[in-house]
Amino acid sequence: MRIIVILTDIFFIDGLKKRDKMDVSEQIKRFEHFIEQNYHVPLLEAVSLGNNFLIVDFADLSKFDPELADLLLDQPEEVMKAFEIAIKNLDVPESVNRFFVRFKNIPKSQEIKIRDIRSLNIDRLICLNGLVRQKSDVRPQVTTARFECPSCGNIMSVIQVEAKFKEPSRCGCGRKGKFRLVSKELVDAQKIVLEEIPENLEGGDQPKRIDIFLKNDLVSPLSDKKTNPGTKVHVVGQVKEVPIPSKDGGKLVRFDLMIDSNFVEPLEESFGDITIKEEEERRIIELSRDPKILIKLVNSMAPSIYGHDKVKEAIILQLLGGVKKVRTDGVVTRGDMHILLVGDPGAGKSQLIKRAQLIAPKSRYVSGKGASGAGLTAAVVRDEFLRGWALEAGALVLANKGFCMIDEMDKMSKEDRDAMHEALEQQTVSISKANIQATLRCETTVLAAANPKWGRFDPYEILGKQIDLPPALISRFDLIFPIRDLPNKEHDERLAGFVLNLHQTSDAGTCDIETDMLRKYIAYARRNCVPKLTDGALEEIKAYYVKMRGSGGDEGGIKAIPITARQLEALVRLAEASARSRLSDKVTKKDSRKAIELLHFCMSQVGIDPDTGKIDVDVLTTGVSSSARSHIIVIKEVINELENKIGKTIPVEDVVRESQDKGVSADKAEEVIEKLKRAGDIFEPKRGFIQKI
């Protein structure tokens, strides 16, 4: 009895195996039915467009024939060959040499993290998400080569699978040795290095990498743009093992892994990639008609952060962005606005930056000490695929047409900060290293945060001196917000109530526009609105600029410069962003006033000369106000005059006395003499005397 049971089990298992191994001709038949029912029109369209590939939704195949779908996941190579033969049997013209099938929407069960790929997955169809870190050039690769035997004229085909070119070892007639190469079949091939997405990592995990090989239509010029370094991509492909050559020419027992890709699509990256449905578009247009739309956008920016309304408004306008202009002479004016937040510790700067990163689709977050110059711009690394040097893009280049959030900017080293100058203004990154001369595009909007030099703000000191950043870099930011944490009973009570209530209920309060809708609103505005300045808006900005230029205090013959052309461009960008907030194609007077209000708010906070109480842009850009510069010029003149009168060694008392006659107080004169000593213009040969160097 027991023997019979065992025998029936064996027959049952054997039958299962036979059923699993579906006949190839059966597969081809089923695929023909599937194409005729579901993909006949797309196939004809692909052929008429001259494409040699067809994109098939895996869900459609799974509905039509679950058994065939399962077989595809387990034995992708054989099943895809059957699919290609089925297509050939239908309507494909003879001119198309090979027609490829690309599968999308692979089930979630097949999605694997790069770090979890094992030998078990080899030769199976999987899908994975990652960030393109490196990309080689497209090069031809041999797939099959045909050889002729010189003795008998026999033609032999050798499939090229390994990295080395393989020739036949012997002919059917028994001949060994050299065979003549008749022809070879080439395909375009490219290697990209895929890295795990940083957001999906846990704790101190280092992102793992894997090589992805792209061939044929996946490296066409159109597809090529989808796999630029920095883009997040979804890859469907089969895992292959690659032999590692040893130094003596043999093979190692260890194998490397790579993915032979079948389908690649970019994940939602820039604002242009966000899909907006019809009903969402209707809601966006309805929202834009609300006269208080900007207030609603600001309230939805960071509802869980108390206060900072002006900063939130500026970040919303930064996300909306200005309009990039290319002049007829080739000069490009950037439309991206850069914002710098300088503030006391615990004032919520990092929280605002993190929230802005959630709303912006293509964004990179870097922090002071963890960022190097090469990590921000670009690095030159060895490329194993092409045996040479390759460029690896840094954070600012990876965030091209997106946003880069830089926290703790004051903690970066001087050399690393210097790398940012070109990226912020010219929006390019130039590299000249290891025989690589390249200019990379870097149309990136920067939102940065820094602490004051001494940890907290000194309200009576010039801001330029308190930020440990070079003045040339500071001047590239359109708006600079000081975030001060000053004790104020009413404000502190409201803040404490708001924060404690958040901890109690974890409800960030009523949000006018939810995050997903906010992203789509901004994306729609950036895509569809190209606002132009009206005459009224232009006059408003012009009047403010001329008025400010005329208001500079005249200090000892040196006129203070309250505003420069850089701020004038910032005003235009802010006004354009304000027009975009209500989906308008015209920049009105109201938009200009909003821009002027924001810029004036920043300038009156950070660009005030403590001596005169007037706005002076030099305070920001050089750290020395025009009044201080005028004092330096007066003291230098006094030293020159006294040198002519009494010789090279001049008593300090005489310099102070002469300076007082010219309107510089004794304290100021002594301060300037100290500055000149530190700068190396004068020195002290003996106590109480100075001498020019």
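The table below lists the values:
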quantity	calculated
Any chance VAL446 is outside any helix (DSSP H, G or I), closer than 30 Å to GLU279 by Cβ and modelled with pLDDT of 75 or more	no
ILE106, sole failed condition from (1) in a loop (DSSP other than H, G, I, E, B); (2) surrounded by fewer than 15 Cβ atoms within 10 Å (Cβ to Cβ); (3) in contact (Cβ under 8 Å) with a residue 60 or more places away in the chain	(2)
Where a residue in the range 413-426 is closer than 17 Å to ILE339 by Cα and its partner, wherever it lies, is at pLDDT 75 or above and part of a helix (DSSP H, G or I), with Cβ under 6 Å and at least six apart	ALA423/LEU396
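Yes/no matrix, rows are residues, columns are (1) assigned to a loop (DSSP other than H, G, I, E, B); (2) surrounded by 16 or more Cβ atoms within 10 Å (Cβ to Cβ); (3) free of Cβ contacts under 8 Å to residues at least 40 places away in the same chain:
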{"residue": "LEU317", "(1), (2), (3)": "no, yes, no"}
{"residue": "GLY322", "(1), (2), (3)": "yes, yes, no"}
{"residue": "MET337", "(1), (2), (3)": "yes, yes, no"}
{"residue": "PRO345", "(1), (2), (3)": "yes, no, no"}
{"residue": "ILE353", "(1), (2), (3)": "no, yes, no"}
{"residue": "ARG364", "(1), (2), (3)": "no, yes, no"}
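The values are calculated or read from the model by the stated rules, or taken from the named source; none is laboratory data. On a predicted model such as this, the values are computed, not experimentally measured, just so you know. Neighbour counts run over all protein chains shown; Cβ positions are idealised from the backbone, glycine included.
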